[in-house]
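A short write-up of the structure that comes next.
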Amino acid sequence: MKPTLLILAAGMGSRYGGLKQLDAMGPSGEVVLDYSVFDAIRAGFGKVVFVIRRDFEEQFRTQIGSKFGDRIAVDYAFQDINDLPEGFTVPEGRTKPWGTAHAVLAAEKVVNEPFLMINADDFYGRDAFAKIAADLTTPRPNDGKSHYSMVGFYLKNTLSDHGSVARGVCTRDSNGALSSVTEMTKIFKTANGAENRETDPALPLTGEEVVSMNFFGFTPDIFGHLRTAFTGFLKENGQEQKSECYVPKEVDVLIQTGKADVKVLESNDSWFGVTYPEDKADVVASIRALVDAGAYPQNLWA
């Protein structure tokens, strides 16, 4: 069974200031997720599912989804802030989505095979897709435990010169498997590496840490785990205005409770992405360099 690519594209990009998923970055008007779909197709994925919001469905289908119809199967799932388990309601005044775990759960009815979860606005590179595709098509042991995978990137290659970023900082055990993920949401680049300024004093980081960039390979049983986790999250934090349920954090809980293990795959490619408007020029230049080096065609869909 060919794996599915699940692209989380429901966010508006509050720090970026607009719908960055539809902002042209490539030499022929490609957006960042065009390169993810292109890499997924040549890695052997059989379907792409976009998690979006209803209010920009028509625009997204026209500008994005229509490109791929004759190249790979395309489906959509819709993240809705009001889509909550029975007994829960959105607190008055809340407009912020519930986070990546909620976004993945939106796709439960349309994803029935092993899948890769990624962000729409991150560029991961061909090598990462090839490695995760090979892993997702490898049979899992039937031992009562969930077996997942991820591609990790070095923190120093994922920072912005223009403000803070949120990253899941990972540790690995002696076998190279993921042993913990710590979600840090205010990581700033420094002259000596980086630091997380959520705490006072700030936590210094070397930049050599492996971080999660939401590049996770899952089997469909993750949906059951996330439903349980999201319900627990709502009980604890459901009345807050900006709390979010993050996939890396919930994966960490599964690891700590012995319910899952996660193989860490290392990519030879560099990640890059757009968090702030000032990041765009760097991304455009990076894609241009890859095109000039022959890694991608001048026009992906010509």
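The values are calculated or read from the model by the stated rules, or taken from the named source; none is laboratory data. These numbers come from a predicted model, not from an experiment. Positions of Cβ are backbone-derived with ideal geometry, glycine not excepted, and every protein chain shown enters the neighbour counts.
Things worth noting here:
- Residue in region 83-99 that is surrounded by 18 or more Cβ atoms within 10 Å (Cβ to Cβ), more than 14 Å from the chain's Cα centre (by Cα) and among the hydrophobic types (A, V, I, L, M, F, W, C) present: yes
- Yes/no for S174 being surrounded by fewer than 15 Cβ atoms within 10 Å (Cβ to Cβ), assigned to a loop (DSSP other than H, G, I, E, B) and not β-branched (V, I, T): yes
- Test: residue in region 263-272 that is within 24 Å of K131 (Cβ to Cβ) and loosely packed, with under 14 Cβ neighbours inside 10 Å: yes
- Residue, farthest from the chain's Cα centre (by Cα), within region 188-215, restricted to residues that are within 19 Å of G99 (Cα to Cα) and surrounded by 15 or more Cβ atoms within 10 Å (Cβ to Cβ): V211
- Test result for K259, among the basic types (K, R) and in contact (Cβ under 8 Å) with a residue 60 or more places away in the chain: yes
- The residues listed here are V181, V169; of these, the one that is in contact with a Pro (Cβ under 6 Å, 6 or more places away or on another chain) and either farther than 28 Å from T137 by Cα or touching a residue at least 12 places away in the same chain (Cβ under 8 Å) (or both) is V181.
- Matching entry among F60, F45, F50, F38 (being under 28 Å from V291 (Cα atoms), of a type outside the set (V, I, T) and assigned to a strand (DSSP E or B)): F50
- T185 fulfils the conditions (1) surrounded by 15 or more Cβ atoms within 10 Å (Cβ to Cβ); (2) within 16 Å of the chain's Cα centre (by Cα) except for a single criterion, (1).
- Residue list for region 194-229, filter: among the small types (G, A, S) and either outside any strand (DSSP E or B) or at pLDDT 95 or above (or both): A194, A202, G207, G217, G224, A229
- Sole residue being in contact with a strand residue (DSSP E or B) (Cβ under 7 Å, 6 or more places away or on another chain) and closer than 28 Å to A281 by Cα, chosen from G99, G168: G168
- Qualifying positions in region 142-159 - crowded, with 19+ Cβ neighbours inside 10 Å and aromatic (F, W, Y): Y148, F153
- Set E236, E250, E244: member being in contact with a His (Cβ under 9 Å, 6 or more places away or on another chain) and part of a helix (DSSP H, G or I): E250
- Test: residue in region 87-95 that is touching a residue at least 24 places away in the same chain (Cβ under 8 Å) and touching a Phe, Trp or Tyr at 6+ places or on another chain (Cβ under 7 Å): no
- Among the residues examined, I255 does not qualify as farther than 21 Å from R172 by Cβ and surrounded by 14 or more Cβ atoms within 10 Å (Cβ to Cβ).
- Within region 108-141, considering residues that are over 27 Å from L22 (Cα atoms) and among the aliphatic types (A, V, I, L, M), the one surrounded by the most Cβ atoms within 10 Å (Cβ to Cβ): L136
- The residues of region 65-86 that are touching a residue at least 12 places away in the same chain (Cβ under 8 Å) and part of a loop (DSSP other than H, G, I, E, B), listed by number, are F68, R71, I72, Q79, D80, I81, D83, L84, P85.
- Hits in region 51-74 - residues which are of a type in the set (K, R) and more than 20 Å from K2 (Cα to Cα): R53, R54, R61, K67
- Residue selected from region 260-299 under the condition part of a loop (DSSP other than H, G, I, E, B) and within 20 Å of N214 (Cβ to Cβ), by the criterion modelled with the lowest pLDDT: N268
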